[in-house]
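Engineer: If you scroll down you'll find the structure; I have some questions about it.
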Amino acid sequence: MAEIAFLKIIGPGPDWNYEGWRRLEVWAHTPRGSFGEGSKYGPILPEEVFKFITTYGLPLDIIRDELHWEGDYKKVEKLLDEHRELSKATSAGMFKGGLADASEDVTKLHTVTHLLHASLRKVLGDHVSQKGSNITAERLRFDFSHPEKLSDEEIKKVEDLINEQIKKDLPVSFEEKTLEEAQKERALAFFGEKYGQKVKVYTIGDPDGEWFSREVCGGPHVSRTGEIGNVRIKKQEKVGSGIIRIYAGIA
């Protein structure tokens with residue numbers, strides 16, 4: 001198996017391939033694809049296996065048991081251990097609010113989570129509350145309370161409502177207030193987080209007049225919704241009792 005070529009993947013891009021191993025088309029004598037280094041054909045490197053696992057979610061035991069890769073498993077496991085430690089550090093607070101970083105794309109999608117949250121509440125009802133989020137440069141993942149998956153009509157209503165606010169080019173601003181003041185002004189605050197004496201309250205719209213969204217949040221956000229671009233809801237799934245997860249991105 002020393003000359004086994006790399007995997008050819010079909011289906012959506014890596015952002016949606018957490019079940020990518022189900023989408024394998026070929027293992028054997030095909031070009032390595034984007035992960036390959038050096039020659040077009042040849043043995044697969046541990047770094048390539050690691051990148052494939054962390055990108056597509058293919059378990060290491062599948063590679064071992066089903067695809068018979070003959071490589072340095074200890075090196076792969078070491079890389080995975082380091083990756084897990086980094087993930088723990090990130091969740092402990094390196095990047096707040098589920099953000100991968102503070103890049104322009106992540107910042108745009110962070111603002112989209114506020115638009116999404118407000119839109120879901122307007123379409124489905126005030127029982128909707130955010131239960132978690134994760135944002136990368138490619139997509140946002142948003143968990144919220146709701147008993148069942150949304151219908152196609154509800155998805156369209158939410159998506160259209162988000163894009164309407166983007167077309168309006170609404171201002172996005174923040175003020176520092178006490179949590180009590182923020183809640184009196186109907187700002188959403190969830191997760192059971194511990195807040196300091198002062199919190200940032202982000203408003204999408206006119207903070208002294210008509211606004212679309214108001215949440216307690218640490219930021220960062222865009223200055224105006226017109227900076228974002230068209231938003232598309234790509235996928236939804238039920239991830240627990242009364243919890244729905246939505247994936248969305250900028251088209």
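The values are calculated or read from the model by the stated rules, or taken from the named source; none is laboratory data. Quantities reported herein were computed from a predicted structural model and do not represent experimental measurements. Heads up, the Cβs are rebuilt from the backbone with ideal geometry, glycines too, and the neighbour counts pull from every protein chain shown.
Engineer: Filtering the stretch 57-85 down to residues that are closer than 23 Å to Ala137 by Cα and either at pLDDT 75 or above or in contact with a strand residue (DSSP E or B) (Cβ under 7 Å, 6 or more places away or on another chain) (or both), which residue is surrounded by the fewest Cβ atoms within 10 Å (Cβ to Cβ)?
Structural biologist: Ranking the candidates gives Leu80 first.
Engineer: Would a scan of the stretch 170-186 turn up a residue that is farther than 22 Å from Val158 by Cα, touching a residue at least 60 places away in the same chain (Cβ under 8 Å), out of contact with any Cys (no Cβ under 7 Å at 6 or more places or on another chain) and not small (Gly, Ala, Ser)?
Structural biologist: no
Engineer: Could you identify the single residue in Gly240, Gly209 that is farther than 19 Å from Leu115 by Cβ and not charged (D, E, K, R)?
Structural biologist: Values: Gly209 fails: farther than 19 Å from Leu115 by Cβ.
Exactly one of Gly240, Gly209 is farther than 19 Å from Leu115 by Cβ and not charged (D, E, K, R), namely Gly240.
Engineer: On to the next question. Counting residues that are assigned by TED's automatic domain parsing to the domain that holds Leu109 and out of contact with any strand residue (DSSP E or B) (no Cβ under 7 Å at 6 or more places or on another chain), which strands (runs of 3 or more DSSP E) fully inside the stretch 153-236 reach at least 2?
Structural biologist: Values: elements: 172-177, 199-205, 211-216.
Here the list is empty.
Engineer: Considering only the stretch 103-135, how many residues are basic (Lys, Arg) and either within 17 Å of the chain's Cα centre (by Cα) or buried (at least 21 other Cβ atoms within 10 Å of the Cβ) (or both)? Let's see the steps before the verdict.
Structural biologist: Taking the stretch 103-135 as the starting set, the residues that turn out to be basic (Lys, Arg) are 108, 121-122, 131.
Filter again for either within 17 Å of the chain's Cα centre (by Cα) or buried (at least 21 other Cβ atoms within 10 Å of the Cβ) (or both), leaving 108, 131.
Matching residues across the stretch 103-135 total 2.
Engineer: So, one more: Ile228 passes all but one of (1) over 17 Å from Pro171 (Cβ atoms); (2) under 21 Å from the mean Cα position of the chain (by Cα); which number fails?
Structural biologist: Just one mismatch for Ile228, condition (1).
Engineer: Any chance the stretch 150-164 includes a residue that's touching a His at 6+ places or on another chain (Cβ under 9 Å) and either at pLDDT 95 or above or within 18 Å of Asp206 (Cα to Cα) (or both)?
Structural biologist: No, that holds for no residue.
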